[in-house]
Amino acid sequence: MPPALLSMALLSMALLNMALLSMALLSMALLSMALLSMALLSMALLSMALLSMALLSMALLSMALLSMALLSMALLSMALLSMALLSMALLSMALLSMALLSMALLSMALLSMALLSMALLSMALLSMARRRRVPTTLSDSPPSASG
């Protein structure tokens, strides 16, 4: 083989080796970029998972706070109902006390009327006893019809 052809063949092989080496380096760079993009995608998915967990935690906390608010409203309603029932009981006791006081005043009025009636009856009996003197001696007795 002539030396010029041999040189050209060697130069072609060297260029081919450089092209293959460039392609290998390019494929390694592309593989590195693919691995880097996969790592970034994994990080993005992990971030989305963490964000989803944070949002779920916030939703659960909101539900817990809402439950506590509803429970406090229920307790407040029960307290208000208890106060209303207590007020009704106190009002009933006041009305009962007024009824008992009215009955006591009525019985005192009836007792006063009975005492007044007894006093009037005593005065009437005393007056009748003074008008009719009961004779105590024979001289005080009325004359007999026989004479």
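The values are calculated or read from the model by the stated rules, or taken from the named source; none is laboratory data. Just so you know, these numbers come straight off a predicted model, no measurement behind them. Accessible surface areas use protein heavy atoms only, side chains included; no ligands, DNA or RNA. Shrake-Rupley method; radii C 1.70, N 1.55, O 1.52, S 1.80 Å.
With the full set of protein chains in place, find how many percent of the accessible area of the stretch 23-142 is carbon and sulfur; take the probe as 1.4 Å.
Numbers: 9150 of 11060 Å².
The value for the stretch 23-142 is 83 percent carbon and sulfur by accessible area.
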- line: Computed over the chain: longest principal axis from alpha-carbon atoms vs helix 3-131 long axis, angle to nearest 10 degrees, is 0 degrees
- request: Percent of Cα-Cα pairs per 5 Å bin, from 0 to the last occupied bin, for the chain, please list those.
  value: 2, 6, 4, 5, 4, 5, 4, 4, 4, 4, 4, 3, 4, 3, 3, 3, 3, 3, 3, 3, 3, 2, 2, 2, 2, 2, 2, 2, 2, 2, 1, 1, 1, 1, 1, 1, 1, 1, 0, 0, 0, 0, 0
message: For the chain, what does the helix formula give at 222 nm: sum of -39500 (n - 2.57) over DSSP H segments with n ≥ 4, over the residue count, nearest 500 deg cm²/dmol?
response: -34000 deg cm²/dmol
message: Only Cα pairs within less than 10 Å get springs; with that Gaussian network setup on the chain, which residue of MET38, MET23, MET63 has the largest fluctuation?
response: MET23
field: Residues of the chain: accessible area per residue with a 1.4 Å probe, Å²
entry: 92 Å²
